[in-house]
Every structure is written in structure tokens, then in C-alpha cells.
Amino acid sequence: MEGEASWFSHCPDYAANDTVEPELFSELKDEDDKQVSSVLLDLILPDDLLERILARLPIASIFRAGCVCKRWHEIAKSGRFLWNSSQLLTHKPWYFMFTSSEKPIGYAYDPTFRKWHVMELPCIWTSSCFISSSCGLFCFMDNDSRTDKLYVCNPITKCCENLEEPPGFNFSDYIALAMVVNKKTRCYSVAIVKSKNIPESFFQWDISIHVYDSGTTTWMCCLTDVLTGWRGGDESVICDGILYFMIYSTGIGVSENRHGLITYNLSSRSSHGLLMRSFIPVPCCLTCGRLMNLKEKLVMVGGIGKRDCPDIIKGIGIWTLNGTEWQKIARMPHKYFQGFEEFDDVFASSGSDDFIYIQCYGEPALLVFDVEQKKWRWCRKCPVKKRFPLQLFTGFCLEPRLEMIP
């Protein structure tokens, strides 16, 4: 835990008598040209009323207000203020975009004001790490060095906690990471799906599911199984107590679709089982599939592959899962799909609430789809610069919350 580390750490250090004097109201004059006494608003407002005023500011403005003077600084970082302000703010999800050449600095897009904010994450990480976010927190795991590299963090306040790895956690060929926050208790769960090829058997894969509970600060190995003809990957999400993760064909004894979905009820705590009993086929031939939780409903954004050339993308669709059936939400209009090339058969996509973000790996362009209004639009151009031809961009969706603490 980094303690009080937050965006406020970038503000000046305040000594006991060191304050920044707020501006006075302009001096008013009556008809006789007599001066009316100036009033310093900061002196006449009690703390609770000042809190209510500051709490209605946008998040970026709250941090600027915390730099005005020592009193505002203390109010803006207090636990009561952070909680009350989060109840008043509308939490439209932001999108954090980054590139491997500028770690750990990236840019967060605010759809309310349609602007980008420079954001620096508090932990050392890489662009190849596994990431999952929920309700103001995000969890990430380093893909290069998996020893003591699992973190849960609030990227707005920069509060961060290092989680120990599950007992006996060894190297795996593929890992999928998912997390979910309980908004009532503010506890969170982290799920890791490991997929490791069985030696001398290309078509058989060991699958294990490990779950961390922040309330008890313990890990549990919930399930182990062996899949034949399928392997796990890096795509998973938790919705309404159910863990969903994608599996991928290894080329033997499978249907025409190369992707599938597995479900696991986290409350069952079954240590062994046949995962393929919960297998759900994807709605069509996909080049890739991205899973996300939108209001506790599973949503998938997928690249639609050509039937005769499944590696060539011909469109991008959005589906939601009702029971075991996929329901189509939307398909990207051609005028927006033109921003994605045929060789962009995979892409980054993340969402929360009613917003879905879709981003090409090769460019910093970002497209957003409003599920409620059924509207597509390009986001304002990200200020990140492309410095070399093969530079990759990626990102994830996050909710800007001040009160959530790992």
C-alpha cells in the first residue's frame, strides 16, 4: 500500500503558515463611487458547505481545487469528502490509452467533457501486462516477470496494493485476469485462469481457476480440469457472480468456430469439474472476441471473420449473452469500420456502464459506442504521438471514482 499517495502528491507542500491567497471578489462601487468592503468567500463558508460546492466539480477540477490553499487541500483529500463527492458525480467510464514507449504514463479520455487527461500510474508495469478493472479499481499483472507483480490500484487517487500470488503459482502458457468490486461492501475479488500445455501432448491443456477475496485476504484454487482440443487465453470477465473466459481451438475435433465461451459459477467452489459442460459457442466466425461487464450483463465485441478466410476481418459486432443465447446489440457501420484495416483482425476493446470503447492497436484512434442511445462516434484525437511504424497502442476502460481504496 502506498498510503496517502495520490494525485495530490503533485501539489505544493504546505507548511503551517503557507497558504495561497484566493482572489477577492472585484470591489464594487455604488453610485456615489464609495467602495463596498471586499468579502473573502473562503472565510465565510463553513467546511460542510464548501465541501458540497467542491463535490460538484468535475474530477479534474477537484484536484486543481486541492492546490488552492491548505484548507481546500485538506478537504479535497478527506475520506468524507471523497465518499460524498462520488455519490454526486456521474461516473461515465473513462478510457486509459497507453503505448509501450511511454510507460507508465498514458492518457485518460473523459467522455463527459470530451477531453484527454495526462495520467501516470503509481506502479511499475509494462504494456504487455494483464489488466482488468471494476468500479474505480483496476488489477494488473506483469506478463514479463510474474513474481510479486500483481497489483490492485485506484488510478485516480493512486492508492495501490501489491497482492501476493496464489500458493504454488507457477508459470503458465496463457493467463486470463478478471476482477469485480462489490459496491456495497467495497470488497473485491480477483480471478486468474491459468492454461498450461501438458508436456508431449499439444492438444491437451491443464486449466485451473484461482480466486482472491479481499475480505479474507486469501486465495483459493476453485477448479482444475483438462481440456482436449481447446486452450485458455487472456480474455475473461466476472458478471453477477459468474466467471466467463474465452477458449481457443487447437485444431482438433472442434467445430468451424475457433472460439468458445466457458462459464464458471464462483459461488459453487467446486474444485473439480468438466468445464466443457458449460461450453457456449460464439455467435459467428470470429477473428477475436473481447469480453466486458456492462451493468452485470456479459457483452462481447468481436471481429467478424470471412467464412472462407477466417483470419480476414469483414466487420465488428457487439452481442450480449442471455442465458446461453447471444443477442445482437449492434454492428459497426461501414463508415466507422473503414478506420480499421483488413489486417487489423484483432483490436482492443473495453467497456463499462453504457459505453464501449474500440481501439485499433496500430493507431491512437478511439471509437466509442453508446449502448443506450445506439450511437457511434470518434473520440477527440488522443495527444499521444506515434514515434515509429510498428508502435502499438492499447488501453482499458476505468470508472473515475475517488472513494474506492484497494
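The values are calculated or read from the model by the stated rules, or taken from the named source; none is laboratory data. If you're wondering where the values come from, they're calculated on a predicted model, not measured in any experiment. Because the Cβ atoms are built from the backbone with ideal geometry, glycine has one as well, and the counts that use them run over all protein chains shown. All accessible areas refer to the heavy atoms of the entire protein, side chains included, with ligands and DNA or RNA removed. Shrake-Rupley method; radii C 1.70, N 1.55, O 1.52, S 1.80 Å.
For region 299-406, what is the convex hull volume of the alpha-carbon atoms per residue, in Å³?
Cα convex hull per residue, to the nearest whole number: 161 Å³.
Under the 0.36 nm per residue contour assumption, what length would be gained going from the current alpha-carbon distance of K92 and T324 to full extension?
80.6 nm
My understanding is that a pair violates if its Cα-Cα distance is over 21 Å; which of K92/K115; K295/K375; K196/K306 do that in this structure?
K196/K306
May I ask you to rank F113, F347 by accessible area, largest first, using a 1.4 Å probe over the protein chains only?
F113, F347
Can you tell me the accessible area per residue over region 171-306, all protein chains present, probe 1.4 angstrom, in square angstrom?
42
Could I have the simple spin-label model distance between K295 and D173, label points 7 Å from Cα toward Cβ, reported in nm to one decimal?
4.0
Between D311 and N257, what is 0.36 nm times their sequence separation minus the Cα-Cα distance? Round to one decimal in nm.
The D311-N257 span can extend by a further 18.3 nm.
At 0.36 nm per residue, minus the direct Cα-Cα distance, what do L57 and K183 gain on full extension? Give it in nm, one decimal, please.
43.1 nm
Once both labels are modelled 7 Å past Cα along the beta-carbon direction, what's the T216-F202 spacing in nm?
4.2
At a 1.4 Å probe, what is the % contribution of carbon and sulfur to the accessible area of region 256-406?
Heavy-atom surface of region 256-406 belonging to carbon and sulfur, 1.4 Å probe: 52 percent.
In nm, to one decimal, how far is the modelled label at D354 from the one at L45, with both set 7 Å along Cα→Cβ?
3.1
Quick check for me: using +1 on Lys/Arg Cβ and -1 on Asp/Glu Cβ, what's the dipole size of region 162-230 about its Cα centre, in debye to the nearest 20?
With only Lys, Arg, Asp and Glu charged at Cβ, the dipole is about 440 debye.
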